[in-house]
1. Taking the range 1-55 on its own, how many of its residues are charged (D, E, K, R), closer than 26 Å to Asp85 by Cβ and exposed (fewer than 12 other Cβ atoms within 10 Å of the Cβ)?
2. Just name the residue that is nearest to Gly360 (Cα to Cα) out of those in the range 299-340 that are of a type in the set (D, E, K, R) and surrounded by 15 or more Cβ atoms within 10 Å (Cβ to Cβ).
3. Residue pairs, Cβ under 6 Å, 6 or more apart or interchain, first in the range 140-165 and touching a residue at least 60 places away in the same chain (Cβ under 8 Å), second surrounded by 14 or more Cβ atoms within 10 Å (Cβ to Cβ). List them.
4. Which one of Gly57, Gly23 is more than 22 Å from Arg281 (Cβ to Cβ), in a loop (DSSP other than H, G, I, E, B) and not assigned by TED's automatic domain parsing to the domain that holds Leu211?
5. Report, by residue number, each residue of the range 363-395 that is assigned to a loop (DSSP other than H, G, I, E, B) and within 14 Å of Lys339 (Cα to Cα).
6. Do the conditions hold for Glu402, that is, is it in contact with a helix residue (DSSP H, G or I) (Cβ under 9 Å, 6 or more places away or on another chain), of a type in the set (Asp, Glu) and more than 19 Å from Gly233 (Cα to Cα)?
7. For the range 327-362, enumerate the residues that are of a type in the set (A, V, I, L, M), in contact (Cβ under 8 Å) with a residue 60 or more places away in the chain and not in a loop (DSSP other than H, G, I, E, B).
Amino acid sequence: MKSAMHPESLMMTYGYKPELSEGAVKPPIFQTSTFVFKTAQEGKAFFEIAYGLREKGRNEELGLIYSRINNPNLEILEDRLCLWDKAEQCAVFESGMSAISTVLLEFLKPGDLLLYSLPTYGGTDHFINHFLKEIGVDSIGFRPDHNINEIIKMVEETGKSDKLALIYIETPANPTNVLIDIEMCKEVANHFGTSEKQVYLATDNTYMGPLWSHPLQLGADLVIYSATKYIGGHSDLIAGAVLGNSEVISRVKTLRTFLGNMASPHTCWLLLRSLETLKVRMEQQARNAQEIANFLKQHPKISKVHYLGCLEESSKSFEIYKRQYASPGAMIAFEIQGKEREAFQFLNHLKLIKLAVSLGSTESLVQHPATMTHTGLCPDLKKKIGITEGLIRLSVGVENYEDLIADIDYALDKIEYSEDYDFERNENRPRLKRRV
């Protein structure tokens, strides 16, 4: 019966037995650090499985030992998250970055090569190009406009193609909404993989998951979320999640145990609350985003709108979108006519929409990527990947879309341009020098 139900129905009950918790209709918060064993033999058996000293017996489960290893709130949450992506296992973390960094540390070692997509979240980019570099992991970035042959050539030209261990992609990319072809990246992984060494593919699905895209069904080995965003959805927690088959998630969980970066029982309880409304929240946010994107497309002070619902049907991106996504989502990036000065004027005049980083929450949030989330990128790279001074990232919430549009319209109206501003060139006209 349960297997025939939709995930949004199972979010209410799956993985939880009320009779084990005094009949409570919702799971209590299991705010405990350790758990009592019935016998010494039971404790021994639990630890043998936890440390991989033997395989689990038929119908045998990992018993509760210590909340750094497992906890009822953590286990129920991981079981429910698996439903959306049809994953075998899930590991939940104390932040999205801890999920990302644990995956990178588990599947990469000094001397290995990482292939990753551009642009990516600023924190991820920093971890790749600073921390991993310092421990001897080389990396090479590719852009969405690179085709499979170009990417393969780029890897081969490093002279370390035999050291390629992991491909890490973020799609849609933060903050520009550009798309990476997941199936193409799997082909690249298979091209460089051998019978002795698999090249794994990890996909950050934060922008579109777990409702609108399921990368595991498209060939990804791991799917990663900042659960702070849509999964949490209320700007009141920090968390991350990684999903995949039993083999890869067992590796991730083992490292998580020793790094100690699992989510707390209270955070897991809050996420269980949020999962119950995930579908209705995300669907409302997507409806709002479509209305706002339609408004922005027509506004004279907006030069470009980056939204999946605005893709040209003849474009390669549209073809990828139709294969990978069930909705255009609720993240919009748009470029204001002007530079940093005009962008800041717009941001400073918003009233309903809040100027803050993060995304996917019930309230609409807006920020300036070039000077905020992606400020650490070098200017040349920002230019190459489309993070301009006029680029704004908008995470659309569940408010009434007419109120959101009115707020945006008011703030756009407050932008003041100098008299010599050239709208076609998106820059001030050079002033003629007076002759003395």
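1. Looking only at that region, the number is 3.
2. Glu335
3. Arg143/Leu118; Pro144/Val178; Pro144/Ile180
4. Gly57
5. Within the range 363-395, His368, Gly386, Ile387, Thr388, Glu389, Gly390 meet the criteria.
6. yes
7. Met331, Ile332, Ala333, Ile336, Leu347
Residue-by-condition table, conditions (1) among the basic types (Lys, Arg); (2) within 29 Å of Asn129 (Cβ to Cβ):
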site	(1), (2)
Ile320	no, yes
Pro328	no, no
Glu340	no, yes
Lys351	yes, no
Pro369	no, yes
Gly390	no, yes
Arg393	yes, yes
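The values are calculated or read from the model by the stated rules, or taken from the named source; none is laboratory data. Just so we're clear, the structure is a prediction, and the values are computed from it rather than from any experiment. Cβ atoms come from the backbone with ideal geometry, glycine included; neighbour counts cover every protein chain shown.
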